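The next block holds one structure in the form of structure tokens; read it before the comments.
The values are calculated or read from the model by the stated rules, or taken from the named source; none is laboratory data. In this text, all values refer to a predicted model and were calculated from it rather than measured experimentally. We place every Cβ from the backbone using ideal geometry, glycine too, and count neighbours over all the protein chains shown.
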Amino acid sequence: MSEINMLNLVADLDKTIHEHGYENLYYVLFDEDSNLPWAIHLYYKNNKFIVNSRDDRSYIIGKSWEFENYEEAKHFFIKKMETFVQLNRLEIQTGHPPYYPSPLWDDVTE
């Protein structure tokens, strides 16, 4: 994938993330080797878009999901973010600490 095309995809993803209000979540775009804990990753490798989530040591949680189509990968990536927000809200409601602080779940009465 060309660098120009990747920059366009990053801009598109950033716009979509902002539209959903998820800019406070930990996420990494097109950098498979990033060690940001609790991040949701979307990157391109071997002609596929790959989405996965990482734990506090940056190990992959569960499995990596592969997509041949960018729009499908983007949709799945945003759904992973939505699910992560819901999970952290549930953690707080049940008396458990969230994975990290965020205004998206610090007030679970939204």
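Okay, here's what the table says:
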{"item": "Selection count where residues are in contact (Cβ under 8 Å) with a residue 12 or more places away in the chain, surrounded by fewer than 12 Cβ atoms within 10 Å (Cβ to Cβ), of a type in the set (D, E, K, R) and more than 21 Å from Glu3 (Cα to Cα), scope region 15-73", "result": "2"}
{"item": "Subset of region 74-106 that is in a loop (DSSP other than H, G, I, E, B) and touching a Pro at 6+ places or on another chain (Cβ under 9 Å) - its residue that is surrounded by the most Cβ atoms within 10 Å (Cβ to Cβ)", "result": "Tyr99"}
{"item": "Subset of region 1-35 [under 17 Å from Tyr59 (Cα atoms) and within 11 Å of the chain's Cα centre (by Cα)]", "result": "Tyr26, Tyr27, Val28, Leu29"}
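Residue-by-condition table, conditions (1) of a type in the set (A, V, I, L, M, F, W, C); (2) modelled with pLDDT of 95 or more:
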{"site": "Met6", "(1), (2)": "yes, no"}
{"site": "Asp12", "(1), (2)": "no, yes"}
{"site": "Gly21", "(1), (2)": "no, yes"}
{"site": "Phe30", "(1), (2)": "yes, yes"}
{"site": "Leu36", "(1), (2)": "yes, yes"}
{"site": "Ser64", "(1), (2)": "no, yes"}
